[in-house]
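Undergrad: Dropping the structure in here first, questions after.
Derivation of every value follows stated rules applied to the coordinates shown; laboratory data play no part. Here the structure is a predicted model, which means the values were calculated and not measured. Quick reminder, even Gly has a Cβ in these numbers, built from the backbone with ideal geometry, and neighbours come from all protein chains shown.
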There are 2 protein chains.
Amino acid sequence: MKERRFDEELDSMNKELLKMAAMVESSIHKSTEALKRQDSGLAQSVIDEDREIDEEELKIEEMAIDLLALHQPMAGDLRFITTGMKINAELERIADLAVNIAQMVKELAGRPLLKPLIDIPKLTKVTQRMVKDAIDAFVNRDQDTAKQVILSDPQADELRNLVYEELVNDYIIKDGTTAPRAIPLLLIARHLERIADHATNIAEDVIYMVQAKVVKHHPEQLDNNGGV
Amino acid sequence: MKERRFDEELDSMNKELLKMAAMVESSIHKSTEALKRQDSGLAQSVIDEDREIDEEELKIEEMAIDLLALHQPMAGDLRFITTGMKINAELERIADLAVNIAQMVKELAGRPLLKPLIDIPKLTKVTQRMVKDAIDAFVNRDQDTAKQVILSDPQADELRNLVYEELVNDYIIKDGTTAPRAIPLLLIARHLERIADHATNIAEDVIYMVQAKVVKHHPEQLDNNGGV
């Protein structure tokens with residue numbers, strides 16, 4: 001009986017994590033759409049909805065601690081719970097970065113955009129895919145997808161650097177008065193790249209959960225056989 | 001006998017956390033000294049030493065998971081272990097930000113500094129104090145000190161904004177060619193402010209550990225009676 005209760009609670013923690021993941025994906029989507037459309041109202045909705053995400057994070061954290069305290073789980077379940085706690089924290093940080101992007105969109109509002117947004121749409125695409133894949137990897141306990149996420153991270157770094165160099169060299173240095181429009185874009189690129197870092201952390205957590213093997217800080221231990 | 005073993009392991013996790021905290025404080029100190037002295041060699045040592053901090057983080061994480069799995073701790077001990085895991089992760093992130101500062105110092109190397117470093121030394125001081133106090137609060141299970149840390153966070157935000165505005169308005173807009181010297185300082189200010197955020201997270205964790213009460217995302221629940 002106690003066993004069944006535990007399984008139900010574990011299942012419900014899993015469901016809440018999926019709900020949290022969906023909320024966070026929606027925040028990223030809205031904040032990047034707000035940038036594309038220069039839509040301050042949409043940006044504001046990302047900022048307003050962050051409180052719900054914060055509360056969802058706390059709810060999951062409490063569920064996890066209760067599971068640990070009341071049921072003293074072993075091995076695989078223990079690993080699922082501790083990894084779930086970490087993924088929960090990573091998701092909350094991604095949501096905070098979506099809020100940071102939304103704040104920059106509001107700061108840019110009313111100012112003419114530096115027109116092509118440089119490589120930011122490309123970086124957005126890479127980052128969104130990494131988050132989606134990291135979450136899918138978690139849902140399906142799929143380490144191959146998790147590895148793909150980790151291997152995508154250098155691409156996000158590189159795109160961030162491209163955006164940075166172009167904004168500084170082609171805009172700000174040539175005309176300092178572009179700074180109030182260029183620097184928010186520069187920071188948006190950083191926020192996106194950090195979202196990619198958190199997606200990478202989630203992917204590392206998934207591999208740990210599946211393999212019970214730590215790859216964090218040791219990308220060289222990624223075994224790339226098997227079609228990644 | 002099992003009980004004694006557990007207490008010893010808990011104590012040794014605590015000691016490793018203090019070691020981790022000392023390593024991280026040293027990284028912040030070195031990276032900000034490197035900025036002050038424009039010392040690329042010192043900045044490089046921060047970057048090199050980060051690997052040891054990463055390994056210490058993993059060591060503590062494994063100790064925590066072993067403690068959870070092997071001893072199934074209850075109540076207060078459970079809370080110490082889960083909070084310790086979170087503080088461990090925050091410390092590792094602070095160290096990463098010290099690395100980011102060190103990277104900016106290297107990028108600035110050889111270029112004449114925008115001379116007064118604006119309010120960065122003040123922000124550095126506030127941030128270092130917050131980290132030190134957050135760690136002391138953890139060591140002494142002292143919630144009053146933890147509250148002080150949380151209440152200092154707006155000051156760090158404000159100093160970051162001052163640095164940002166001065167760099168943009170007084171330097172970059174007036175002369176775009178200052179951007180390669182100004183933008184790294186702008187990012188350093190961000191990194192310092194984010195270190196302050198992580199110190200705040202640690203302080204919130206300490207209060208949770210002591211009171212079993214979550215203040216995260218709810219600063220209005222801080223009870224400021226009692227000399228804070």
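Undergrad: Here are some pairs, A:LYS19/B:LYS86; A:LYS36/B:LYS132; A:LYS122/A:LYS147; which of them have Cα atoms lying more than 32 Å apart in this structure?
TA: Where the Cα-Cα span goes over 32 Å, the pairs concerned are A:LYS36/B:LYS132.
Undergrad: Could you give the C-alpha radius of gyration of segment A:114-164 expressed as a fraction of 2.2 N^0.38 Å, taking N as the number of residues it contains?
TA: Computed over Cα atoms of segment A:114-164, the ratio equals 1.29.
Undergrad: About its Cα centre, how strong a charge dipole does segment A:18-120 have in debye, to the nearest 20, once Lys and Arg get +1 and Asp and Glu get -1 at the Cβ?
TA: About 540 debye.
Undergrad: Calculate the dipole size of the protein assembly as shown relative to its Cα centre from +1 charges on Lys and Arg beta carbons and -1 charges on Asp and Glu beta carbons; express the result in debye to the nearest 20.
TA: Charge dipole of the protein assembly as shown: 1180 debye, to the nearest 20.
Undergrad: I would also like to ask the following. Mind telling me which of A:GLU92, A:GLU166, A:GLU193 comes out most flexible in a GNM of chain A, alpha-carbon contacts under 10 Å?
TA: Sorting by GNM fluctuation, first place goes to A:GLU166.
Undergrad: Out of A:ILE28, A:ILE47, A:ILE195, any idea which swings most in a Gaussian network model of chain A, alpha carbons joined below 10 Å?
TA: Looking only at A:ILE28, A:ILE47, A:ILE195, the largest GNM fluctuation is found for A:ILE47.
Undergrad: How big is the charge dipole of chain A about its Cα centre, in debye rounded to the nearest 20, if each Lys and Arg gets +1 on its Cβ and each Asp and Glu gets -1 on its Cβ?
TA: The dipole of chain A has a size of about 640 debye.
Undergrad: Right, here's the next one. How long are the semi-axes of the equivalent ellipsoid of chain B, defined as square roots of 5 times the Cα gyration tensor eigenvalues? Whole Å, largest first.
TA: 36, 21, 11
Undergrad: Let me check against my output: what whole-number percent is the relative contact order of chain B, with C-alpha pairs under 8 Å and at least 6 apart?
TA: The value is 24 percent.
Undergrad: Also: To test your reading of the geometry: what angle, between 0 and 90 degrees and rounded to tens, separates the Cα axis of helix B:40-71 from the longest principal axis of chain B?
TA: 20 degrees
Undergrad: Does anyone have the angle between helix B:120-140 and the longest principal axis of chain B? Alpha-carbon axes, 0 to 90°, nearest 10?
TA: The angle comes out at about 0 degrees.
Undergrad: Name the residue farthest towards the positive end of the dipole of the protein assembly as shown from the options B:LEU42, B:ALA137, A:MET130, assuming +1 on Cβ of Lys and Arg, -1 on Cβ of Asp and Glu, about the Cα centre.
TA: Highest projection toward the positive end goes to B:LEU42.
Undergrad: So how do A:HIS191, B:HIS29 line up by other beta-carbon neighbours within 10 Å, fewest first?
TA: Fewest to most other Cβ atoms nearby, the residues stand as B:HIS29, A:HIS191.
Undergrad: Any idea what the A:GLY76 label distances to the other copies are, label 7 Å down the Cα→Cβ vector, nm, shortest first?
TA: Spelled out, the distances from A:GLY76's label point are 3.6 nm.
Undergrad: I've got another one for you. B:ARG37 label points, 7 Å along Cα→Cβ, one per copy: pairwise distances from this copy to the rest in nm, shortest first?
TA: Counterpart label points of B:ARG37 in the remaining copies fall at 5.4 nm.
Undergrad: Give me the number: length gained by fully extending A:THR177 to A:ALA75, i.e. 0.36 nm times residue separation minus the C-alpha to C-alpha distance, one decimal in nm.
TA: Separation in residues times 0.36 nm, less the Cα-Cα distance, equals 30.9 nm.
Undergrad: OK, next. What gaps in nm, shortest first, separate A:ASN169 from its twins in the other copies when you place the label 7 Å past Cα toward the beta carbon?
TA: Result for A:ASN169, in nm, nearest copy first: 3.2.
Undergrad: Continuing with the same structure: Compare the Cα positions of B:PRO121, B:THR32, B:MET20 along the charge dipole of chain B (+1 at Cβ of Lys, Arg; -1 at Cβ of Asp, Glu; about the Cα centre) and return the one farthest towards the positive end.
TA: Farthest towards the positive end: B:PRO121.
Undergrad: Further, regarding this structure: Full extension from B:GLU165 to B:GLN211: what is 0.36 nm times the residue separation minus their Cα-Cα distance, to one decimal in nm?
TA: On the way: separation 46, 0.36 × 46 = 16.56 nm, distance 3.93 nm.
Here the answer is 12.6 nm.
Undergrad: Hey, another quick one. Quick check: convex hull over the Cα atoms of segment B:1-105, volume per residue in Å³, rounded to an integer?
TA: Convex hull volume per residue, Cα atoms: 73 Å³.
Undergrad: Provide, for q = 0.07, 0.10, 0.13 Å⁻¹, the log10 of I(q)/I(0) from a solvent-free Debye sum over equal Cα point scatterers in the protein assembly as shown.
TA: Log10 I(q)/I(0), no solvent term: -0.35, -0.74, -1.30.
Undergrad: With a 10 Å cut-off between alpha carbons and a GNM built on chain B, which of B:ALA146, B:ALA199, B:ALA179 moves the most?
TA: B:ALA179
Undergrad: Tell me the angle of helix A:75-108 to the major Cα principal axis of chain A, expressed in degrees between 0 and 90 and rounded to the nearest ten.
TA: So the inclination is approximately 20 degrees.
Undergrad: Moving on to the next point. Put +1 on the Cβ of each Lys and Arg and -1 on the Cβ of each Asp and Glu in chain B; which of B:MET85, B:ALA182, B:TYR208 then has its Cα farthest toward the positive end of the dipole?
TA: B:ALA182
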